[in-house]
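Let me begin by presenting the structure, written as structure tokens, before commenting on it.
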Amino acid sequence: MTRTIRTRAPGRVNLIGDHTDYTGGLVFPMAIDRWTEVSGVVADRIRLTSYHDEQPVDLPLDPPPVSAGWGRFVAAVAAEVRPTFGIEGVVQTTIPVGAGLSSSAALELTLALALGFEGPPLALAQLGRRAEHRATGIPCGIMDQLCIAAAKDGHATIIDCHSFDVSHVPIPGDVEIVVSFVAHRELEASGYAHRVAECAAAELVVGPLRTAALADIAAIEDPKVRRRARHVITENQRVRDFAAALSLEDYKSAGELMVESHLSLRDDFETSTDAMDRTQGEILRQRGVLGARMTGGGFGGCIVSLCEPGAKLDGWRVRPVAGAART
Ligand code: GLA
């Protein structure tokens with residue numbers, strides 16, 4: 001009998017807490033109602049076509065590394081899962097690709113499930129992160145994969161990227177979250193790896209940034225590295241304050257923290273772009289917008305806004321959904 005396979009994984013938007021995960025800091029992402037799905041039947045190779053790429057993928061169960069295209073994610077996931085069966089099927093997605101909404105993490109996780117991965121969300125997330133490193137060489141943190149693996153319907157997640165603790169936080173019904181696309185980006189070609197290295201350089205002086213105090217950074221000689229450290233330390237605190245503000249239904253303060261986060265990423269971490277700053281500024285002038293910031297790795301991507309219901313804002317209104325699963 002033919003065994004059918006059907007899996008899906010959502011994208012994510014990060015509400016606050018960017019460029020903190022790879023130093024074991026705090027992040028506040030939310031899985032969104034846009035998904036990447038794999039469907040097919042069990043086969044003896046991995047044969048996949050995509051609605052979004054003309055190039056099909058056809059690989060053995062133990063594939064060699066693939067250096068380009070979406071096949072490199074398939075090869076990397078297979079190398080991590082070591083599947084005992086393959087698939088003949090189709091990949092489709094409603095997540096905009098290359099927009100900072102974790103389309104690659106969603107692909108990794110849905111593929112891992114399709115190829116038979118069994119295990120808890122943290123193990124799935126760690127596998128996806130290793131696959132990302134293999135496929136792209138980007139030294140990403142755990143935020144995207146862990147949010148997408150562990151998300152709960154109606155909730156965002158606060159993740160402690162040191163202990164990997166995930167808390168599910170309900171998103172109140174009296175606010176809306178809107179994602180506005182600015183520009184495509186390629187993290188590989190961006191300064192992402194540089195930022196990771198600069199944070200490591202800061203940690204050589206002050207120890208783990210997740211426990212460092214703002215006063216400690218005076219000891220960092222290089223002014224650029226000092227600014228990177230200041231962003232991380234203040235951003236971790238903003239995640240805590242944002243969580244507290246949401247729980248008190250103090251949406252005004254939550255919005256202000258998002259704006260502070262944007263400014264810190266713009267000025268101290270330098271991961272924003274002129275186009276993103278312009279869009280964020282325009283959004284903030286709209287009636288009913290409580291806060292807006294760049295989201296994710298930066299160097300392009302999207303602006304995420306916290307709004308009063310009905311705010312007239314161009315973009316995708318996104319809803320918090322459950323994590324990756326067989327369907
Ligand atoms: C990308 C990475 C994440 C995280 C963000 C920035 O999305 O994949 O691990 O570092 O950038 O917060």
Against the conditions (1) touching a residue at least 40 places away in the same chain (Cβ under 8 Å); (2) closer than 19 Å to G297 by Cβ; (3) in the same structural domain as H19 (by TED's automatic domain parsing); (4) of a type outside the set (S, T, Y), where does L146 fall short? Just the number, please. (1)
If we keep only residues of region 112-157 that are more than 15 Å from the chain's Cα centre (by Cα) and among the charged types (D, E, K, R), then the residue farthest from the ligand (Cβ to nearest atom) is E118
Could you grab me the full set of residues in region 260-273 that are surrounded by fewer than 18 Cβ atoms within 10 Å (Cβ to Cβ) and of a type in the set (A, V, I, L, M)? L263
When the residues of region 279-317 are filtered to those that are of a type in the set (A, V, I, L, M, F, W, C) and within 16 Å of the ligand (Cβ to nearest atom), which remaining residue is surrounded by the fewest Cβ atoms within 10 Å (Cβ to Cβ)? F299
Lone qualifier among E256, E249 - being more than 16 Å from the ligand (Cβ to nearest atom), part of a helix (DSSP H, G or I) and either touching an Asp or Glu at 6+ places or on another chain (Cβ under 8 Å) or in contact (Cβ under 8 Å) with a residue 24 or more places away in the chain (or both): E256
Would you confirm whether any residue within region 20-31 is more than 16 Å from the ligand (Cβ to nearest atom) and either in contact (Cβ under 8 Å) with a residue 60 or more places away in the chain or over 28 Å from L263 (Cβ atoms) (or both)? no
Of the residues in region 90-110, those that are in a helix (DSSP H, G or I) and either under 17 Å from C140 (Cβ atoms) or within 14 Å of the ligand (Cβ to nearest atom) (or both) come to S103, S104, A105, A106, L107, E108, L109
Look through G128, G86 and report the one residue that is within 24 Å of L15 (Cα to Cα) and surrounded by 23 or more Cβ atoms within 10 Å (Cβ to Cβ). G128
Within region 163-178, is even one residue more than 14 Å from the ligand (Cβ to nearest atom) and under 27 Å from S39 (Cα atoms)? no
For region 1-66, give me every one of the strands (runs of 3 or more DSSP E) that falls completely inside it and has 3 or more residues that are hydrophobic (A, V, I, L, M, F, W, C) and surrounded by fewer than 19 Cβ atoms within 10 Å (Cβ to Cβ). 29-43
Of all residues in region 280-316, count the ones that are polar (S, T, N, Q) and in contact with a Cys (Cβ under 9 Å, 6 or more places away or on another chain). 2
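The values are calculated or read from the model by the stated rules, or taken from the named source; none is laboratory data. As the structure is a computational prediction, the values presented were derived from the model and not from experiment. Cβ sites come from the backbone with ideal geometry, for glycine too, and all protein chains shown count toward neighbours.
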